[in-house]
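Some notes on the structure that comes next.
The values are calculated or read from the model by the stated rules, or taken from the named source; none is laboratory data. This one's a predicted model, so the numbers in the text were calculated from it and none came from an experiment. As a convention, Cβ positions derive from the backbone with ideal geometry for all residues, glycine included, and neighbour counts pool all protein chains shown. Only protein heavy atoms, including side chains, enter the accessible area calculation; ligands, DNA and RNA are left aside. Shrake-Rupley method; radii C 1.70, N 1.55, O 1.52, S 1.80 Å.
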Amino acid sequence: MTAPLPVRPPEPATDAAPGKTPRPGQPSRLLAPLRQTGQLFALALAVGRAVFRRPFQVREFIEQFWFVASVTILPAALVSIPFGAVIALQVGSLTEQLGAQSFTGGASVLAVIQQASPLIVALLIAGAAGSAICADLGSRKIREELDAMEVMGVSPIQRLVVPRVLATMFVAVLLNGLVSVVGTLGGYFFNVIMQDGTPGAYLASFSALAQLPDLYIGELKALIFGFIAGIVAAYRGLNPRGGPKGVGDAVNQSVVITFMLLFAVNMILTAIYLQIVPPKGG
């Protein structure tokens, strides 16, 4: 009687392509988002360390600062007017229902300074300047310019990434002040003209409810949001996949990732601020 042939156990599934020997310890696809998150934080730390290294690329910083400012100033001013108007109209309608029309100015201005202004600035910087930064670095990467810089002993992070990230941060802080002023003026105009509000009550409620830390948290949010937009754009630009098509995909991914991070970080910062800083008169 013939003995049965031994059955070969099935080989474990791997991520390697058919016909190729899988590398030992090859990470699973499920760990890819976690690995990319770690690389993003590593890039942020590398940029933080490279800021204090010499020589600092002053000319590159000035050029990037001017570029980011030129593509975001006009859209920020135009977008802030309807934002301020919508907030003023909505808050004015709500306070009228509650019988507290005298607090319309303070509530609408605080909403513009604390929430709307930093988010408007960050979204514009991520959509206009961040996409351009990602496309520039991605095109340099696929042309192997960054590899050539490393061969010559030049750090691409210090030479290219640091000036761009600092430019987005400084422009975000300056634009936040512009958007706050324009948005406040737009809210004042629509509340006084369209809702028959009193100019004196509008200004008095603002001075009664607002305090200086409200401006500080707005500027701090703009600074952090600008840093996030610059880091995400630089990370996706330094890691494109698939040639020129991969650069376009990286640009889209950088904008989407930045938007998601901005709203999450904004919620955290707002919660911390409301716990640390008591309301005026509280």
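Structure above, values below:
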| read-out | value |
| --- | --- |
| Single unsatisfied condition, L269 versus (1) part of a loop (DSSP other than H, G, I, E, B); (2) surrounded by 11 or more Cβ atoms within 10 Å (Cβ to Cβ) | (1) |
| Residues that are open to solvent by less than 10 Å² (accessible area, probe 1.4 Å) and either within 18 Å of the chain's Cα centre (by Cα) or of a type in the set (G, A, S) (or both), drawn from the range 149-163 | V161, V162, P163 |
| Enumeration of residues in the range 78-92 that are in contact (Cβ under 8 Å) with a residue 24 or more places away in the chain and over 18 Å from the mean Cα position of the chain (by Cα) | I81, P82, F83, G84, A85, I87, A88, L89, G92 |
| Qualifying helices (runs of 4 or more DSSP H) (wholly inside the range 29-133; at least 1 residues being open to solvent by less than 10 Å² (accessible area, probe 1.4 Å) and over 24 Å from N252 (Cα atoms)) | 32-50, 58-98, 104-111 |
